[in-house]
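The values are calculated or read from the model by the stated rules, or taken from the named source; none is laboratory data. Note that the structure is a prediction, hence the values are computed from the model and not measured. Positions of Cβ are backbone-derived with ideal geometry, glycine not excepted, and every protein chain shown enters the neighbour counts.
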Amino acid sequence: MICSSAVRLTACLALLLAAPAIVDAADPALAALTPVRATTAPVIDGTLDDAVWQGPELPTGAWGSYNPLHGEAIPQQTHVWMAYDDRFLYVAFRCDDPEAAKIKSSITRRDNIWSDDWVGLSLDALGTGQVAYHMMVNPSGVQADMLQTNSGGEDASPDWVWDSAGRVGATGYAVEIRLPLQSIRFRGGDVARMGVLFWRRVSRTGYSVSWPQLKPNEWVFQHHAPLVFDQLRGRPTREAIPSVTYSGSEERATPSAWAAYDGDASVGLSGKYGVTSTITIDATVNPDFSQVESDAFQVEVNQRYPIFFSEKRPFFMENAGIFNLAGVGDGDGNMLAAVHTRRIVDPIAGGKVTGSLGHTTFGVLTAVDQAAGRDLEAGDPLDGHDKVFTIGRAQTTFFSPGSYAGAIVSATTQGPASNTVGGADVSLHKRNSALQMTGMALYSSATAADGRHTQGLATLWTAGMSTRRYDVLGQVEHYDRDFQMDSAFYNRTGFTSGWGFGGYSFYPPATSRFAFVKRVVPFVFVQGGEDRVQHGSDVLAVPGIRLHMARQGFFRADYVGGHEPWVGQRYQRGRWRAFGNAQFFRWLNGGGNINDGYATYYDEVNPFQGRSRNLSAFATIQPNARLSEQIEWQHVDFNRADTGADVYDLVIVNSRTTYQFSRRMYARLIAQHDTSSHRLLLDALASYELRPGTVFFAGYGSLRERRTYQDSQWKDDELSPLRESRRGLFLKASYLYRF
């Protein structure tokens, strides 16, 4: 039933947007790059002595910076070669550096190289300007990869199989990449066309450069260079990942005894079947959705809106950007994600179909959540009913890369309750133009368990212009009070709001005494709206200034003024805020935040005006290439504005210590302390990852709380010492098999 619904929804969405589209995904001003066919495969060892690298390099020309400034040249030169055969694409970089001894690199886990030097590429394998594979490698050969979609931005969650190696020398460093054709989606043929952009980061200066050069308010899809292959055949991805997991836990029953140990072992299977080289079916049975990463403790006291936690489960993370809508999740909008898969708490099974037809990209996700009908009171009409999610999305590129129109359908059913949402979105961005516009509209229909039926509209529209000198952006959004979207994460309904932002950039001369300041941006942000749920107007004004500095330095200071409604009353805003961070030394990156002023105590019955101060600091310490310590500290103090009486005073500390034995193996310890709930969490993990999908994890967790044992039950007691209340063991092994 679920599978047939998914197929029908896929077909409908693909046909809806399959109209002919006129788009040139590659920059017509650039000559096409032609990789060479390798007669002998290069050895991926970071040494560019293979025969295939002895020919001419790619004619990339001058590279230019895109961060922190646009269009600047740097003394570090980069040379690129590309080759291919029937199974792989190969890329080689020679990264010259006149101060090679200052190159920063580390032996770290995947996707953790951002404070290092690195080099890599963005590959639009389909050539449609919709999906790009970003691959970066540091001088030690450690990888980072992200999937870029034109509606969802960059997503570092997906990991695909590819090989890399790096080596530092006297004049710089070299990197080699081998990318299996099975790992990417592309259209093969006698003449295969893709798009490519190369980039590099120099850590000690904070400069990132690219070829072709990126411009303000434009990203990779507007600047991919044409890449043409002769006789490149598609290789559909077909793989299976069996997994075995074991988890066990126990709770303290009395001060001297533990309750019965609760252990559970399970076997799961996930598979991927490439129907063609551009369309793939993913399915999972008895899935392993265990999370080896704990959610970091956050301030949960006095929060007006729900706390957002990112998705960490591999099945849902892959290709998640396809389901995003234009403008959603950007800036200060109300909706953070149209499809937030953590709404699917405990799935029994799941399936996905994703792919591309011409210039149309589509995806369908379906899953059955058994948690939704669990632990409900007897007699509840939803008791015992699983919740079924089915979500379809399609979009087509037109006009130019970065411009697209899309449609989405989201449907959930749980016993007598249901929710259906349909909508469309559009993004318009002409190449070499500073103007960009996005918009989306959603209409929902919901039936509650008691038979009550509601409908609602949500819409969001933005327009902006960005150049080297100025940034101007505006947005309007509206949510009906009865709008409901079970798959989405949004803060509130029943309001209409609009905001505007303006900033102007100054560039101090490189010869001035303030040469370390690269860019100065005074700005102003204003917002106003009507909240029909809280019965009042919402006004916000934020003047401030931003400084972009050397050593990846950044500083921002602003003042937040205005007022907000809460349960029919108006509460004052008025806060000073400052934030800054920098790479102070090769081994130390850090920063902090302070904000102080008026705040609201969000109680439904007894709210009041308060004053709060929030202090935070964070640092990443890397004393050598293998050891890393990340620590975050936050202190929040809240008092009544009228009497000064203390309401709460809490401290949260999150610490992560990682030792990387090799590129594949590491040990990690997480320690988290929250004084508001009197908790200390210790989470240890050892990991070995041969490649994505082939992994082994072993973890142990311990939760300590301040409690006392009275009258045969535990009670919270902030004066008691921290005592271990729960502990657990976790083991996982999985293997990726390709066929």
> Got a number for residues in the stretch 587-617 being within 26 Å of the chain's Cα centre (by Cα) and of a type outside the set (S, T, N, Q)?
Replying inline: 8
>> Given the options Glu705, Glu724, name the one that is modelled with pLDDT under 95 and in contact with a His (Cβ under 7 Å, 6 or more places away or on another chain).
In response: Glu705
> Just checking, how many residues over the stretch 158-177 are under 25 Å from the mean Cα position of the chain (by Cα) and either in a strand (DSSP E or B) or not assigned by TED's automatic domain parsing to the domain that holds Asp86 (or both)?
Replying inline: 3
> Does Arg468 qualify as being touching a Pro at 6+ places or on another chain (Cβ under 8 Å), basic (Lys, Arg) and either farther than 17 Å from Tyr490 by Cα or part of a loop (DSSP other than H, G, I, E, B) (or both)?
Replying inline: yes
> Does Ala165 count as more than 20 Å from Ser310 (Cβ to Cβ) and among the aliphatic types (A, V, I, L, M)?
Replying inline: yes
> If you go through the stretch 367-403 one residue at a time, how many are of a type in the set (Asp, Glu) and either at pLDDT below 85 or part of a strand (DSSP E or B) (or both)?
Replying inline: 3
> Among (1) without any contact (Cβ under 8 Å) to a residue 40 or more places away in the chain; (2) farther than 30 Å from Gln143 by Cα, which single condition is Phe638 missing?
Replying inline: (1)
> If you go through the stretch 221-232 one residue at a time, do you hit one that is touching a His at 6+ places or on another chain (Cβ under 8 Å) and outside any strand (DSSP E or B)?
Replying inline: yes
> Is it true that some residue in the stretch 368-377 is in contact with a helix residue (DSSP H, G or I) (Cβ under 9 Å, 6 or more places away or on another chain), touching a residue at least 12 places away in the same chain (Cβ under 8 Å) and among the charged types (D, E, K, R)?
Replying inline: yes
>> For the list (1) modelled with pLDDT of 90 or more; (2) over 30 Å from Gly271 (Cα atoms), I need the number of the one condition that Arg238 fails.
In response: (2)
